[in-house]
Amino acid sequence: MRGEHTPVKEMKVSGVGKLTLEKVSEVVEYVEDLALFNPEELAERAEIELDKAVALVRAARKLVKAKLGIRRAYKGSEYARILESRDALTSGVETIDELLGGGMFIWDIYEFAGEFGTGKTQLCHQLAVTVQLPPALGGLAGKAVYIDTEGTFSPQRVEAVAGRVEVAKPLENIYVVRPMNVDELEETVIEDLPSLLRDNARLIVVDSIIALYRAEFKGREMLAARQQRINYLLDWLKRYARHYNAVVAITNQVLSQPVPWGVAMKIPAGGNIIAHASTHRLVMRRAGDVWVVEVFDSPTIPRGAAARFVITEKGLEKA
Ligand SMILES: Nc1ncnc2c1ncn2[C@@H]1O[C@H](COP(=O)(O)OP(=O)(O)OP(=O)(O)O)[C@@H](O)[C@H]1O
Ligand SMILES: [Mg+2]
């Protein structure tokens, strides 16, 4: 949600005092962003009592819904119209846009999984550039937030893509975030992203979603905790996507899944959690001289549908 904002400090909610509002302000500055919190996580992060957190979040949500004219329920036909009229972002590759039904739609989470060298990071760079294009050229005339958990963000690759699709000064419109551990990642996402999104960021990239969690939550006994934390982060990304009309792109690793008749199949890692959170799951692979992106799971595209592309000095292009 962009435009005018109301500071949390100016809220008037019965039973909630100034001290509480100040504590909350340190975590979330504006009422518009407060509306995205669950009361439990607000209570925990701001160190306030749960009943006060409930009252604050409810008040914030009421204000935001009224402001945006959002209702709690829509008729199916109305909802269909809303979904159809969403903005879409070009991948910069015609064949991939076609596969995705016209590009990458705001509110959706796109997961790109694949082995090393399959183009995940190259694609993320490209999207951080195409998002800057004007709508007439398939962009969202917006900025990108690039969360680089693996340290592979490359200004040169951004410039190279920008030269091809004709975006001037692309690095001025990309916020790069380089969290070193899960705690920092969560902190960035919860506390820093709102101001970047308000500054017209329309794309959130997380390359990769799994690396930090794998490094930190080791062994089987940590698996449940790891899944819960990944879920927590993805849930935030989902709320932002909806609230700020943004596209979310995450990358993931693949696992070999043995199948009874022999040939191991590559499936996205991260179990049920990432599977549920991603709207569209795509698997990328190399096939000789070209690369392939294949639909693994999507509510709108048949499984197995695929597009071919190549990676050149100038980024991803049609094969
Ligand atoms: N400047 C370039 N010119 C041509 N091709 C390039 C260039 N830079 C990278 N590539 C191609 O992109 C591939 C790397 O893709 P990318 O970095 O996106 O892999 P990835 O899927 O992110 O892998 P990982 O899992 O290791 O992060 C290289 O193997 C190479 O073929
Ligand atoms: Mg990579």
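Structural remarks
- Across the range 63-96, the number of residues qualifying as under 18 Å from W107 (Cα atoms) and part of a loop (DSSP other than H, G, I, E, B) comes to 11.
- Members of the range 280-319 that are among the aromatic types (F, W, Y) and either touching a helix residue (DSSP H, G or I) at 6+ places or on another chain (Cβ under 8 Å) or modelled with pLDDT under 95 (or both): F309
- Subset of the range 263-277 (residues that are under 18 Å from the mean Cα position of the chain (by Cα) and either at pLDDT 95 or above or part of a strand (DSSP E or B) (or both)): P268
- Where R178 falls short, out of the listed (1) within 16 Å of ligand 2 (Cβ to nearest atom); (2) more than 19 Å from D207 (Cα to Cα); (3) among the basic types (K, R): (2)
- Residue count for the range 15-63, restricted to those that are in contact with a strand residue (DSSP E or B) (Cβ under 9 Å, 6 or more places away or on another chain) and touching a residue at least 60 places away in the same chain (Cβ under 8 Å): 2.
- Among (1) buried (at least 24 other Cβ atoms within 10 Å of the Cβ); (2) among the aliphatic types (A, V, I, L, M); (3) over 16 Å from L203 (Cα atoms), the one test that L123 misses: (3)
Let's see how each residue does on (1) within 16 Å of ligand 1 (Cβ to nearest atom); (2) out of contact with any strand residue (DSSP E or B) (no Cβ under 6 Å at 6 or more places or on another chain); (3) on the phi < 0 side of the Ramachandran plot:
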{"residue": "I96", "(1), (2), (3)": "yes, no, yes"}
{"residue": "T121", "(1), (2), (3)": "yes, no, yes"}
{"residue": "A141", "(1), (2), (3)": "no, yes, no"}
{"residue": "Y146", "(1), (2), (3)": "yes, no, yes"}
{"residue": "R157", "(1), (2), (3)": "yes, yes, yes"}
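- Considered as a group, the residues in the range 115-126 that are of a type outside the set (D, E, K, R) and within 9 Å of ligand 2 (Cβ to nearest atom) include one that is farthest from K314 (Cα to Cα), and that residue is F116.
- Odd one out for E40 among (1) within 16 Å of ligand 1 (Cβ to nearest atom); (2) of a type in the set (D, E); (3) not assigned by TED's automatic domain parsing to the domain that holds L255: (1)
- Yes/no for A269 being in contact (Cβ under 8 Å) with a residue 12 or more places away in the chain, in contact with a strand residue (DSSP E or B) (Cβ under 7 Å, 6 or more places away or on another chain) and crowded, with 20+ Cβ neighbours inside 10 Å: no
- Checked against (1) closer than 26 Å to I267 by Cα; (2) assigned to a loop (DSSP other than H, G, I, E, B), L140 passes all but a single condition, namely (1).
The values are calculated or read from the model by the stated rules, or taken from the named source; none is laboratory data. Quick caveat, the model's predicted, so the values are computed rather than measured. So basically every Cβ, Gly included, is an ideal-geometry build from the backbone, and we count neighbours across all protein chains shown.
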